Amino acid sequence: MSFSDRSGLIFNLQSYSVHDGPGIRTMVFVKGCPLRCPWCSNPESQSSEPEPGLNLVRCLGLAKCRICLMSCPHGAVKKGIGYPVLDREICCLCRDYSCRSSCPSGALIVYGERVKAPDIIGRVEKEGVFYNRSGGGLTVSGGEPLKQPDFLMDLLELAKRRRLKTALETAGLAEFAVLNEAAGLADVLLFDIKIVDRRIHEIFTGVDNDLILSNLILLMEKKPPHLTVWVRTPVVPGFNDTPAAARALGRYLARLPAEVRFEALPYHRFGQSKYSILGRHFPMGSLRLADGILEAFEGECLHSMKMAGQVNCTSPDSESDSWSALGNGWERGDDSKRPASSDRQIFSLKL
Ligand code: SF4
Ligand code: SF4
């Protein structure tokens, strides 16, 4: 099969991103994920199939517009109080998506487009002038890109042929052979480790983390020299925002047999509105990450790495002088526990 024969299912293509990998990047978000994290900011990524959505914030309301009530040949869009209602039981994703094409305000959405690697790479190349100067390129994210391996390899291989830099963001839950093949093609791997505790991982995400943790260790043993690995941990209230979770993560990172960069990411609720568009309840409710926890988490993680014999790391900066005020088990550490350098967001560790 050639590049032009194989397609992948994506739900977003975003230009000029600066958060996921070095420099300025085009992000391609593929659909399908084996995890079900309740804090997911891309819930439209989770299903491996296209998924309909109705954004009532954009809808003009039935007093002004009733086009969609007549547009669905299956009667899945119904009259509600002032606004249409999408009956997801009836919607069969008819492929014409006439609801979406007829809605004048973009309120009716179908998440999921079939695309081929050359189309994506062509778009990245058009924007390439910015990327080359900034050290950026293409980032493949999701969902879980490793769930669509043929499409992923097409993207990474074609990008390589065109001399575009690539990053792959993964939660690492896939056959090692697939991860290893993708890592061999990418320039940067953004690898999520959510928590080391197996039981808590399973309770919150629906799957245990045995394969994820062993995959990263195995990958680091065989890491190709060109590959840069960033380990990223979202710090989520009620899940892993504890000293115990930070310490366990530090001990795990200290076991990795080659250099990685580590970044703790703050929990946010940017994806909350998408849950109502998809007709789902947002599981995290109004939970917030308390001020100072991110810095304390990084500091405790770093301290734990050092205690486990990890040397040669630069430490994150902390704005938190009073960890005892943070609650949730955090106590003010002695000075050796406190992060010190000005490079707060990312620190490197190397054997
Ligand atoms: S067609 Fe779109 S804007 Fe008009 S009522 Fe339906 S969802 Fe709202
Ligand atoms: S995707 Fe097709 S079946 Fe589903 S609501 Fe839209 S028009 Fe109807």
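The values are calculated or read from the model by the stated rules, or taken from the named source; none is laboratory data. Everything quoted here is computed from the prediction, not taken from an experiment. Here the Cβ positions follow ideal geometry from the backbone for every residue, glycine too, while neighbour counts run over all protein chains shown.
Looking only at residues in region 57-97 that are hydroxyl-bearing (Ser, Thr, Tyr) and within 21 Å of residue 274 (Cα to Cα), the one that is surrounded by the most Cβ atoms within 10 Å (Cβ to Cβ) is 97.
For region 141-155, which positions are closer than 14 Å to residue 116 by Cβ and surrounded by 22 or more Cβ atoms within 10 Å (Cβ to Cβ)? Steps first, answer last, please.
Going through region 141-155, the residues closer than 14 Å to residue 116 by Cβ turn out to be 148, 150-155.
Those that are closer than 14 Å to residue 116 by Cβ and surrounded by 22 or more Cβ atoms within 10 Å (Cβ to Cβ): 148, 151, 152, 154, 155.
Exposed (fewer than 13 other Cβ atoms within 10 Å of the Cβ), near ligand 2 (Cβ under 9 Å from one of its atoms) and under 28 Å from the mean Cα position of the chain (by Cα): does that describe residue 100? Judged against the criteria, residue 100 is not a match. State whether one or more residues within region 75-88 are away from ligand 2 (no atom under 16 Å from the Cβ), not small (Gly, Ala, Ser) and not assigned by TED's automatic domain parsing to the domain that holds residue 150. Yes. The C-beta contact set for region 215-233 (first residue assigned to a helix (DSSP H, G or I), second residue among the small types (Gly, Ala, Ser), distance under 7 angstrom, 6+ apart or interchain) comprises 215/172; 216/172; 219/183; 220/258. Screening residue 237 against (1) farther than 24 Å from residue 46 by Cβ; (2) part of a loop (DSSP other than H, G, I, E, B) leaves a single unmet condition, (1). Taking the criterion of being within 19 Å of residue 170 (Cα to Cα) and crowded, with 22+ Cβ neighbours inside 10 Å, the residues of region 241-255 that qualify are 249, 253.
A quick yes/no check of all residues on (1) more than 16 Å from ligand 1 (Cβ to nearest atom); (2) at pLDDT below 95; (3) not in a loop (DSSP other than H, G, I, E, B):
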position	(1), (2), (3)
104	no, no, no
123	yes, yes, yes
163	yes, yes, no
167	yes, no, yes
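On inspection, residue 49 fails the criterion of being away from ligand 1 (no atom under 16 Å from the Cβ), farther than 16 Å from residue 143 by Cα and either at pLDDT 95 or above or exposed (fewer than 15 other Cβ atoms within 10 Å of the Cβ) (or both).
Within region 140-158, is there a residue that is within 16 Å of ligand 1 (Cβ to nearest atom) and of a type outside the set (S, T, N, Q)?
No, region 140-158 contains no residue that is within 16 Å of ligand 1 (Cβ to nearest atom) and of a type outside the set (S, T, N, Q).
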